[in-house]
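*Asks:* Have a look at this one before I ask anything.
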Amino acid sequence: MNRNQPSSPKPYDFVSFPQTKPILVAPIGHDRYHGDRFHGALYLTLTVQTALHISTGITALGSDVGSRLPLIKTMTTTDNQLVLQGSSLKGCLRSVYEAITNSTLAVITSRYKNTIPPERLPCRDKGKLCPASRVFGAMDWQGLVEFQDAKYKGRDLSTGFMPSLYSPHPDSSNYKQRGQAAGRKFYYNMTRVINQGENRGIPVQQANQQYTFETVIHYKNLLPEELGIVLLILGQDQKSPIALKVGGGKPIGMGTMTTTIRAIEQSQDITDRYRNYKIDQAKLTDTAMQKFIQIQISAAHRSKLLEKEQWQQLSRILKYPGDHEPPEGMY
């Protein structure tokens, strides 16, 4: 690398931490369904917009996964169908929810711990939880949302080539302000993926552009603004549509995925669960569903739960379609 050449623009930016400390309170609890909160399910279709790879950590013989290559890094499959683990989706959504509410970080490795402001360290007391921990869970607290694995309906398994990516440098000025982390790091949604080809890339099993996966998120005891923020980060705000970044290869443009909500299931009277064999549930679709979505998103925008400055920063980074080109060279 010629150090006299100007460096490429970074493929990421930071969402700053809010100025005030997180307010830590006890969660609502799982002992009953509250009448002033929402309980139901979101039926989602996830569409891959740039090639996606979530590694299992296993390198397999190409012949075992239908590839002509001798070795390949694998994704999770069930009955020869690609699967996106619910835990990966939950982690992705939680990181965004944390960034736009006044929350702590869920996980910090020892390498970065000294750079994190003390008030952003993970919640350890289930009686004192930040907004994201109350919804997504914390130590000894299950949370209010449950994620299923997302399953690909097709059976075609594809191969791509990912270049070797360099480790982040937390000591660089990009990461720190006055000796502490600048905020939460997110990669841009980019216009395309850099393809290094077979000679320079690592062979990986991947989901190609326009692959679609289906999944369900179940929720209970969510306030309107909490559900509204979940819908925001699923890209349902008509004024600021965003897309998720999932899996590996984010610096070269991989992992952009958009969300379509097919239906929303709302329990009409949750006490029917205990009175009847059949629960009376309404499944919202089309116009009724869109009206419901926008009402909850409006509640989020009006609430103090949503950090307006952080939402503006994040929606610029994750906006979709994105207009950033992936950087060539060093990653």
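The values are calculated or read from the model by the stated rules, or taken from the named source; none is laboratory data. Keep in mind that this is a model prediction, so the values were computed, not measured. Cβ sites come from the backbone with ideal geometry, for glycine too, and all protein chains shown count toward neighbours. For accessibility, only protein heavy atoms count, side chains too; no ligands or nucleic acids. Shrake-Rupley method; radii C 1.70, N 1.55, O 1.52, S 1.80 Å.
*Asks:* If GLU198 passes every condition in (1) assigned to a loop (DSSP other than H, G, I, E, B); (2) at pLDDT below 95; (3) buried (at least 20 other Cβ atoms within 10 Å of the Cβ) but one, which one does it miss?
*Replies:* (3)
*Asks:* As an exercise: evaluate CYS130 against (1) open to solvent by less than 20 Å² (accessible area, probe 1.4 Å); (2) modelled with pLDDT under 95 and give the number of the one condition it does not meet.
*Replies:* (2)
*Asks:* While we're here: Considering only segment 217-257, state which residues are surrounded by fewer than 19 Cβ atoms within 10 Å (Cβ to Cβ) and among the polar types (S, T, N, Q).
*Replies:* GLN238, SER240
*Asks:* Of the residues in segment 124-138, how many are outside any strand (DSSP E or B), more than 19 Å from SER303 (Cβ to Cβ) and under 20 Å from the mean Cα position of the chain (by Cα)?
*Replies:* Quick first cut of segment 124-138, residues outside any strand (DSSP E or B) only: 124-128, 130-137.
Now restrict to residues that are more than 19 Å from SER303 (Cβ to Cβ): 124-128, 137.
This time we only want the ones that are under 20 Å from the mean Cα position of the chain (by Cα), so: 137.
Residues flagged as outside any strand (DSSP E or B), more than 19 Å from SER303 (Cβ to Cβ) and under 20 Å from the mean Cα position of the chain (by Cα) within segment 124-138 amount to 1.
*Asks:* Oh, and also: Looking at (1) open to solvent by 30 Å² or more (accessible area, probe 1.4 Å); (2) touching a Ser or Thr at 6+ places or on another chain (Cβ under 6 Å); (3) under 30 Å from LEU284 (Cβ atoms), which one does PHE38 not meet, given that it meets all the others?
*Replies:* (2)
*Asks:* If you take the residues of segment 164-191 that are buried (at least 17 other Cβ atoms within 10 Å of the Cβ) and modelled with pLDDT under 80, which of them is farthest from GLN313 (Cα to Cα)?
*Replies:* In this case the residue turns out to be TYR175.
So that you can scan it fast, the table gives a plain yes or no per residue for (1) buried (at least 16 other Cβ atoms within 10 Å of the Cβ); (2) at pLDDT 85 or above:
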| position | (1), (2) |
| --- | --- |
| ILE58 | no, no |
| SER63 | no, no |
| THR74 | yes, no |
| LEU89 | yes, yes |
| LEU93 | yes, yes |
| VAL96 | yes, yes |
| ALA99 | yes, yes |
| ARG111 | no, no |
| ILE116 | yes, yes |
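*Asks:* In segment 100-123, how many are in a helix (DSSP H, G or I), over 18 Å from LEU223 (Cβ atoms) and within 21 Å of the chain's Cα centre (by Cα)?
*Replies:* The qualifying residues number 1.
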